[in-house]
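Participant: Take this structure first; my questions come after.
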There are 2 protein chains.
Amino acid sequence: MSFAGLPARAVVVAGLLVMSQAHADEGMWTLNDFPSDKVAKAYGFKPDQAWLDHVRLSSVRLAQGCSGSFVSKDGLIQTNHHCARECIEQLSSAEKNFTETGFYAKTLAEEPKCPEMEVNQLVAISDVTGRVHKATAGKEGAALADALKAEKAGIAQECSGSDQAIRCDVVELYHGGVFNLYKYRRFQDVRLVFAPETEIAFFGGDPDNFEFPRYDLDVSYVRVYDQDRPLDTSATHFPYASADAKEGDLTFVSGHPGTTARLYTLAQLEFLRDVVLPDTLFLRSELRGTLIEFSTKGPEQERIATDMLFGTENGLKALKGQLAALVDPKIIAEKTKAENALRRAVNADPKLKAAYAGAWGGIRTALDGFRDRRTRFVMTEGGQGFRSTLFRTALELVRHADESGKPDQTRLKEYTDANFPALRQSITSTAPVYPELEKLTLAFSLRKLREALGPDDLFVRKVLAGKSPVERAAELIDNSHLADIELRRRLVDSDATALTDANDSMIAFARLIDEDFRTERANYEATVEAPLTKFSGQIAEASFKILGRATYPDATFTLRLSYGAVKGFRQRGQDIPPFTTLGGAFDRATGSDPFRLPASWISAKDSLNLAQPFDFVATNDIIGGNSGSPMINKAGEIIGLIFDGNSQSLGGEFGYDGSVNRAVAVSVGALKESLAKTYHADRLVTELAQ
Amino acid sequence: MSFAGLPARAVVVAGLLVMSQAHADEGMWTLNDFPSDKVAKAYGFKPDQAWLDHVRLSSVRLAQGCSGSFVSKDGLIQTNHHCARECIEQLSSAEKNFTETGFYAKTLAEEPKCPEMEVNQLVAISDVTGRVHKATAGKEGAALADALKAEKAGIAQECSGSDQAIRCDVVELYHGGVFNLYKYRRFQDVRLVFAPETEIAFFGGDPDNFEFPRYDLDVSYVRVYDQDRPLDTSATHFPYASADAKEGDLTFVSGHPGTTARLYTLAQLEFLRDVVLPDTLFLRSELRGTLIEFSTKGPEQERIATDMLFGTENGLKALKGQLAALVDPKIIAEKTKAENALRRAVNADPKLKAAYAGAWGGIRTALDGFRDRRTRFVMTEGGQGFRSTLFRTALELVRHADESGKPDQTRLKEYTDANFPALRQSITSTAPVYPELEKLTLAFSLRKLREALGPDDLFVRKVLAGKSPVERAAELIDNSHLADIELRRRLVDSDATALTDANDSMIAFARLIDEDFRTERANYEATVEAPLTKFSGQIAEASFKILGRATYPDATFTLRLSYGAVKGFRQRGQDIPPFTTLGGAFDRATGSDPFRLPASWISAKDSLNLAQPFDFVATNDIIGGNSGSPMINKAGEIIGLIFDGNSQSLGGEFGYDGSVNRAVAVSVGALKESLAKTYHADRLVTELAQ
């Protein structure tokens, strides 16, 4: 991880660069603050407003955590296999396992609806910093938290009105230094078009995850429907380029990086390193062992657990990379230096000192205070103690009934009118619920709850009611009828009385403990979230005043554009070329899991161009959430599909090192070659060629 | 964790107390350097040499990792249930599960032999520091490692000669500052006499482990036989006291604390915190999840996995406590201060500076160099990548065949003539081998190996041979015949040719990779172990010269004596009294795992004195390895049986805080009451009363 380079005002404040200055191809830039001049200087191409607007409208967010883009005039979206994986699994059954066999709808009529997918297209960005700051000025603790929530809900409500096809989010940039209103078109009718087999989408499995060289066809296609017809995207899509990119070519990636912590203070990094990451990693490691062993019980168990296992393993590898970056003394040392420099500059100016000098201490105090109580928050409102779809649904029903009687601006934010479409989709999802898996994860998490808070804790006693975690989970799952979709549809608009009448174990359980959850959430919002927003915002303001707004905000799962070039890197003493080939996949296959190619590939081998580039890397600065992002050239054509970063990019949570950080993509040529020759997906091939 | 107190020479070197001065009841003292004066001053009783000798000879070490003591004139040993658990499980079968039902031999003839238990009785301690220092003077790296190994083996060989009933270990005290020769009588004929049900031995299970208040009857009795007759211990045992101890009473604990890191340097603590502990905890967490889920496959799976699960969970809780102690900035800050003070004192004296000033940097350099290679070492020679009894046996056979042809002093240390009895016991153990569990743990660990080193690593490729971890584990286990005890007995003295002729998959596999293991071990010994011994020894010498030998050495799984008093403590704002009662166990029982009392207890309830003290705490300074230690009064009578420390004692790895660190024991009265009234173990009751 290198943070070298020259700060904007090196004369004034040496050592500030972590806070101040993007470096080489670094940066996850917002679409309304893109450094076109910098790109022009480095690569000789200057994106203009029309180009940026087209990129914005052709890119989409998959609301559950991924990115994608329109790639035809008929609402066709290209994203990753692993981004549609949950949909593919939900559409599968013990008899038809599309995660194993792949899926291809030969006609429009055969495209099935994904039960829980929501697509967002960003139509406008506006600044609301002044409004938010005015509403929160001078407030602290719970009053600050309430004011922040109310103002954000009010702004969102004004923006979307009662139009459920519009989604408006107030986004905190620079951790509270800037508030922007993001207005989206919201699509919930999203249907599956094509997915390859997991064996090739995730060839190499967990061992190859976050690695390069790589040989994955991690693609799926879904289609957005509007009023039961394919959405017209004739003016807002990226066509497929006719040829693959070449080494050195300029590349743009437009997508939704989830979170980064590059602007965190030292206290926040230490809290991550010492508390959050170890704790999370222990729990996930144990869950991983549980799921792998559960999967050996039979093919059906393997099928229903795979999506959760992949997610768990992916998170483990990413978070282990973060921890490794933080225990390397370098990042902490650089941060300390930069932070001290900024604090010195603040202290040197009496006005700045009065306004901002307490911010760093304020953050440390808030986190120190949270240390002891964090476990309880994470286990309750954080969800770690109650992993169960039925429980989540029950809690949503109970809260919806309670919250809908309150004024919109005082509700828990997921229960505002503006957020109701997402809630309805979650509650009435047609995704199957597997009691065996529910029992597994609920028993697991109840055990972790008991472990974290102790068997004598009053809340734990209330939750377990004298039973063991296994017994209690079984009892709750067996006596709940919420797996029944019709029942959920009926209950989604029910009041508290109707819910009581439903006489459901899980609804009763959710009601029993909701107050405890709410207590932890209120405490967290008032003593951690609100102070952090306030103090981080102050630090951002101080930085703007001293250094100007020279850098991009930390990632917030909102649309960002990064630029870079196709380029290899050096790893363990070897030069790694930027491209792999289709032939390389055959060389790497051992026939054993997870290095087994699907039958379709083996039988297509002779017809494939084995020299065709398969996956490749570029210097674009991306992170988790960017999965499914389009990689485009300056003509706005798809040259690749982002699906990963290399292991060296895992420290990207805290900074970008252009010498080794790499984004990993499937090349457009590999997409076309395999669709045509391996899958004979002619309808799709034709649509993409238009 | 408090390290407050006054150093011996506070005038000279302030802040040195961590290295220098035991505090309150702190200390795991060697039997030849016990601070009797201090005890006399604090508690008015001064142990004399005869008293100490009697304690030494009445205490025993269970070589696989526990402590115990003779408690009758006929070789009867009292230890923990969890210390004999492996034996109990090995003597069980699917039909007779003694871990569940408990075990009681009504007659001497019914006492079955534990397949792998070795008992050591410490008969003499002598100093060999001069010899070792002379043999290693001026050497470095591999030469140093070889000289150290050869001299230790030579000393041990001289001590035991060819008498296999004598075991001699050269013990590194103060991490190399002092070398002592410990001479033991070795007993391998150890038979099971009594064990209660796991439900009461481990009542509260993992949730209550390392906690107090507590309600566990964590006891078992085994008997040492000599030439097929009970060993005569008429002069060397602790009789049971007639009454329980009372609050404030002086208590001694004589046992074998495993390891502590109180004298570690800052670099060593950071290495533990940043590398060793996270890494170990991730792996164990995953193994825990695997074993718990495996146990749900059926009662037999539960039975065969339980011992490993308990061990894994116990380790997890202990290591998590260590990590929590190290990420608390206090310990690191105190260590930094103390280390800086000692280094200043060294630097202030030209002679000391020349001899010792480089030691701290030397340790840091060795550990920095090990960072990258540690994973490979841990996975190979450290055993983490190859968890399988059959593999361990195969490797022992292969190495024994190779090593026995070499001069004794150049062999790997486990293969010297002096260590052959332990090796033979391991190879020819009659403990059952469970192929299903073998496959589980071997597949698990091969997967971790691949994850740690990557699928492209040449060693990993050699190990997996193109198969998946599951396939490879199955193939190796299925094609090995080493589960056959007769075969192992036949092969234990075979040469390499005979081993090849055995045509066994696991032997071939061990031979295939032994060289890779040896390479890692040799590198570790030369670049880590030997430099650490050298530099730590230098630091100890410097400390002796500046401060005198005022403190005890770190724990080394050798006999130590601690003193203290029966005393409660404060926890989460509450005063915790030192004693629980038998009645408390009935109050705490929920009927659900792990808070379920066995049927024997429920039916005995009316006959039991429910006010009888059950478990209790004292301030004695102990740690893992002390399990099974006798707690005695000044009359040398058993007043309790150590089985745990409280959670506050987990940071005891790095220091002792007398205000909250507590040792947890079963009271002698509870042992007698339950043997008589719950178990009607009349033969045992009579023997203990004699």
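The values are calculated or read from the model by the stated rules, or taken from the named source; none is laboratory data. This is a predicted model, so every value here is computed, not measured. Cβ atoms come from the backbone with ideal geometry, glycine included; neighbour counts cover every protein chain shown. These area figures cover heavy atoms from the full protein model, side chains too; ligands, DNA and RNA do not enter into them. Shrake-Rupley method; radii C 1.70, N 1.55, O 1.52, S 1.80 Å.
Participant: Provide the per residue accessible area, probe 1.4 Å, for the protein assembly as shown, rounded to a whole number of square angstrom.
Facilitator: 37
Participant: Right, another one. Taking every residue in B:268-275, how many Cβ atoms of other protein chains lie within 10 Å of its Cβ, on average?
Facilitator: 2
Participant: Now for a separate question. In whole percent, and with a 1.4 Å probe on the protein chains, what portion of the accessible area of segment A:528-585 is carbon and sulfur?
Facilitator: Summing carbon and sulfur atoms, their accessible area is 52 percent of the total for segment A:528-585.
Participant: Once the piece of chain linking A:LYS353 and A:ASP593 is laid out straight, how much longer is it, given 0.36 nm per residue of separation minus the C-alpha distance between them?
Facilitator: Result: 80.4 nm gained on full extension.
Participant: Two decimals is fine: what's Rg over Rh for segment B:91-135, C-alpha atoms, Kirkwood radius as Rh?
Facilitator: 1.37
Participant: Further, regarding this structure: In whole Hz and in residue order, list the ³J(HN,Hα) couplings for segment B:553-558 that follow from phi through the Karplus curve 6.51 cos²θ - 1.76 cosθ + 1.60, θ = phi - 60°; x for Gly and Pro.
Facilitator: Result, ordered by residue: x, 4, 5, 9, 6, 10 Hz.
Participant: Between B:ALA522 and B:ALA689, what is the label-to-label distance in nm when each label sits 7 Å out along the Cα-to-Cβ direction?
Facilitator: Calculated label separation equals 6.4 nm.
Participant: I would also like to ask the following. Hey, with R₀ at 22 Å, roughly what FRET efficiency would B:ASN340 and A:ASN340 work out to, going by the Cβ-Cβ distance, to 0.05?
Facilitator: In this case the efficiency is close to 0.50.
Participant: Sticking with this structure for a sec: Just how far, in whole angstrom, is segment B:585-651 from segment B:417-482 if you go by their alpha carbon centroids?
Facilitator: Taking the Cα centre of segment B:585-651 as reference, the centre of segment B:417-482 is 38 Å away.
Participant: For a quick protection proxy, order the peptides A:644-653, A:219-228 by their average other-Cβ count within 10 Å, most packed first.
Facilitator: A:644-653, A:219-228
Participant: Please calculate the 1.4 Å probe accessible area of A:TYR264, with all protein chains present, and give it to the nearest 10 Å².
Facilitator: 60
Participant: Sticking with this structure for a sec: For the protein assembly as shown, what D do you get in µm² per second when you plug the Kirkwood radius from alpha-carbon pairs into Stokes-Einstein at 25 °C and 0.890 mPa s?
Facilitator: 72
Participant: Set the Förster distance to 25 Å, then compute FRET efficiency between B:ASN32 and B:ARG229 from the Cβ-Cβ distance, nearest 0.05.
Facilitator: Efficiency computed from Cβ-Cβ geometry: 0.20.
Participant: Mind putting a number on the dipole of segment A:310-417 about its Cα centre? Charges go on the C-beta only, +1 for Lys and Arg and -1 for Asp and Glu, and I need it in Debye to the nearest 20.
Facilitator: Around 520 debye, computed over segment A:310-417.
Participant: Rounded if a/c is under 1.5, else prolate if a/b is larger than b/c, else oblate: which is segment A:486-621, with a ≥ b ≥ c the root eigenvalues of its Cα gyration tensor?
Facilitator: Oblate, since a/c reaches 1.5 and b/c is not below a/b.
Participant: For a protection proxy built on the mean count of beta-carbon atoms within 10 angstrom, sort A:365-372, B:432-439 highest first, please.
Facilitator: B:432-439, A:365-372
Participant: Here's another thing I want to ask about it. Under 17 Å from a point placed 7 Å out from the Cα of B:THR107 along the Cα-to-Cβ direction: which residues of segment B:212-244 have their backbone N that close?
Facilitator: Counting only backbone N, you get B:229-230.
Participant: Measuring from centroid to centroid over Cα atoms, what is the spacing of segment A:211-232 and segment A:325-346 in Å?
Facilitator: Cα centroid to Cα centroid, the span is 41 Å.
Participant: Another question, if that's okay. How much length is gained on full extension from B:ASP328 to B:ALA40, taking 0.36 nm per residue of separation minus their Cα-Cα distance?
Facilitator: The B:ASP328-B:ALA40 span can extend by a further 100.2 nm.
Participant: Cross-link candidates for A:LYS337: which aspartates and glutamates have Cα within less than 16 Å, leaving aside residues fewer than 8 places away along the same chain?
Facilitator: Straight-distance partners of A:LYS337: A:GLU270, A:ASP328.
Participant: If you split all Cα-Cα distances of segment B:27-68 into 10 Å bins from zero, what percentages do you get per bin, shortest first?
Facilitator: Using 10 Å bins, I get a P(r) of 25, 48, 22, 4 for segment B:27-68.
Participant: Relative contact order (percent) for segment A:566-641, with alpha-carbon contacts under 8 angstrom and 6 or more residues of separation?
Facilitator: 31
Participant: Between Rg and the Kirkwood Rh of segment B:401-505, both from Cα atoms, what is the Rg to Rh ratio?
Facilitator: With Rg and the Kirkwood Rh in hand, the quotient comes to 1.02.
Participant: In whole percent, what relative contact order does segment A:253-347 give with Cα contacts below 8 Å and a gap of six or more residues?
Facilitator: 34
Participant: Normalised by the empirical 2.2 N^0.38 Å for globular proteins, what value does the Cα Rg of segment B:545-682 take?
Facilitator: Its radius of gyration relative to the 2.2 N^0.38 Å reference: 1.22.
Participant: Roughly what would the spin-label model give for A:ASP495 and B:SER404, points 7 Å off Cα along C-beta, in nm?
Facilitator: Rounded to a tenth, the inter-label distance reads 8.7 nm.
Participant: On the full set of protein chains, 1.4 Å probe, figure out the accessible area of A:PHE586 and give it in Å² to the nearest 10.
Facilitator: That residue has around 30 Å² of solvent-accessible surface.
Participant: Another question about this same structure. From the square roots a ≥ b ≥ c of the eigenvalues of the alpha-carbon gyration tensor of chain A, which class results: rounded (a/c under 1.5), prolate (a/b over b/c), or oblate?
Facilitator: Since a/c stays below 1.5, the shape of chain A is classed as rounded.
Participant: If Rh is defined by the Kirkwood formula over all Cα pairs and Rg also comes from Cα, what ratio Rg/Rh do you get for segment A:367-408?
Facilitator: With Rg and the Kirkwood Rh in hand, the quotient comes to 1.13.
Participant: Helix-only mean residue ellipticity at 222 nm, chain A, DSSP H runs n ≥ 4 weighted -39,500 (n - 2.57), per residue, nearest 500. What is it?
Facilitator: -13500 deg cm²/dmol
Participant: Could you tell me the total accessible area buried at the A-B interface, probe 1.4 Å, in square angstrom to the nearest hundred?
Facilitator: 3100
Participant: Assign unit charges at the C-beta atoms only (+1 for Lys and Arg, -1 for Asp and Glu), then state the dipole size of chain B relative to its Cα centre in Debye, rounded to the nearest 20.
Facilitator: It works out to roughly 1880 debye.
Participant: Percent of accessible area on segment B:306-365 owned by carbon and sulfur, 1.4 Å probe?
Facilitator: Carbon plus sulfur share of accessible area: 58 percent.
Participant: Can you give the average number of partner chain beta-carbon atoms within 10 Å of each beta-carbon in peptide B:281-288, as a whole number?
Facilitator: Taking the mean over all residues of the peptide, I get 6.
Participant: Further, regarding this structure: Determine ³J(HN,Hα), in whole Hz, for all residues of segment B:410-415 in sequence, where each value follows from phi through the Karplus function 6.51 cos²θ - 1.76 cosθ + 1.60 and θ = phi - 60°; x replaces Gly and Pro.
Facilitator: 9, 6, 4, 5, 5, 10
Participant: Would you mind calculating the gained length between A:LEU610 and A:ASN479 on full extension (0.36 nm times residue separation, minus the Cα-Cα distance), in nm to one decimal?
Facilitator: Length difference between fully extended and current span is 41.6 nm.
Participant: Using a cut-off of under 14 Å, list every residue of segment A:94-122 whose amide N is near the label point 7 Å from the Cα of B:THR296 along the Cα-to-beta-carbon line.
Facilitator: Correct set: none at all.
Participant: Ok, one more. Counting residues in segment A:311-397 as N, plug N into 2.2 N^0.38 Å and put the Cα Rg over that result.
Facilitator: So segment A:311-397 has a normalised radius of gyration of 1.62.
Participant: Right, another one. Using a Förster distance of 35 Å, how high is the FRET efficiency between B:ALA243 and A:ASP372, based on the Cβ-Cβ distance and rounded to 0.05?
Facilitator: 0.30
Participant: Normalised by the number of residues in chain A, what is the relative contact order in percent for Cα pairs under 8 Å and 6+ residues apart?
Facilitator: Worked out over chain A, it gives 26 percent.
Participant: Which whole number in µm²/s is D for segment B:129-170 by Stokes-Einstein, with the Kirkwood Rh taken over Cα pairs at 20 °C and 1.002 mPa s?
Facilitator: Calculated translational D: 197 µm²/s.
Participant: Per-residue HN-Hα couplings for segment A:274-285, Karplus 6.51 cos²θ - 1.76 cosθ + 1.60 at θ = phi - 60°, whole Hz, x for Gly and Pro?
Facilitator: 8, 10, 5, 5, x, 4, 5, 5, 5, 5, 5, 4
Participant: Average partner chain C-beta neighbours within 10 Å, per residue of B:197-207?
Facilitator: 1
Participant: Among A:470-478, A:343-351, how do they line up by average Cβ neighbours within 10 Å per residue, starting with the highest?
Facilitator: Taking the mean over residues of other Cβ atoms within 10 Å, the ranking is A:470-478, A:343-351.
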